[in-house]
Amino acid sequence: MTDIYMLRELEQIRAIADPLRLKILHALSEQSMTTKQVAERLGENVNKLYHHVETLESVGLIKLTGTKQNRGTLEKYYQAIAKHFTLSPVLFEVRLDADDARSSTTELTFSSALQATLTELKESLRKRLIKPAASHPFFRRLHIRTSREKAAKLQAQFEEWIAECEKAHQENGERLYGVTATFYPVAEPKQRD
């Protein structure tokens, strides 16, 4: 289970627009349970929940985590795919023409990544994984004025560092870290008279 999942599909939004499904999703974000266990926790009739659980599974917000045979019945255990869910700005964009669509796609990619980063940072602060004076999270925002050649060299080094970060990823690592990085031109050179 991941900490944060960004909702990008309208079917997912429709699925959680139902208040009962939202409650089911919340319960399954806390632990893996059967539909009967969720019904008991929510004080609902189990027969009322089967369709809702099926809908959440069909849009990919919960997944089957295991089964268990119990007195001739197969119990299915489900869990949410994330602890927290956030909406992607992509869902609210209006595209006008082909050029706008290409530009919007790039903008939305950046916007979604930055929104996910902000959500993760807030959650890390809430969990006290980031402590102001102790862990010194690396954060820098700056502008550099340099030649195109030097910028190309810096970008290549930047990409090598990102590749090194990707290689360092291990499933059994002791802690999960987030990396958000971009390198982009801000302004054209000033014209000289």
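Please state which one of LEU56, LEU25 is in contact (Cβ under 8 Å) with a residue 60 or more places away in the chain and part of a helix (DSSP H, G or I).
The unique qualifying residue is LEU25.
Which members of region 112-129 meet the condition of being at pLDDT below 75, surrounded by 15 or more Cβ atoms within 10 Å (Cβ to Cβ) and aliphatic (A, V, I, L, M)?
ALA116
All but one of (1) farther than 30 Å from ILE24 by Cα; (2) modelled with pLDDT under 70 hold for PHE92; which doesn't?
Condition not satisfied by PHE92: (1).
So is GLU160 at pLDDT 75 or above and of a type in the set (D, E, K, R) or not?
yes
When you go through (1) in contact (Cβ under 8 Å) with a residue 40 or more places away in the chain; (2) over 30 Å from SER124 (Cβ atoms); (3) surrounded by 19 or more Cβ atoms within 10 Å (Cβ to Cβ) one by one for LEU49, which number turns out not to apply?
(1)
Could you check region 151-177 and list, in sequence order, the residues that are of a type in the set (Gly, Ala, Ser) and either outside any loop (DSSP other than H, G, I, E, B) or in contact with a Leu (Cβ under 8 Å, 6 or more places away or on another chain) (or both)?
Residues satisfying the conditions are ALA151, ALA152, ALA156, ALA163, ALA168.
Does GLY66 satisfy being at pLDDT 85 or above and assigned to a loop (DSSP other than H, G, I, E, B)?
Judged against the criteria, GLY66 is not a match.
The values are calculated or read from the model by the stated rules, or taken from the named source; none is laboratory data. Fair warning: this is a prediction, and the values are worked out from it, not measured in the lab. All Cβ positions, glycine included, derive from the backbone under ideal geometry; neighbour counts span all protein chains shown.
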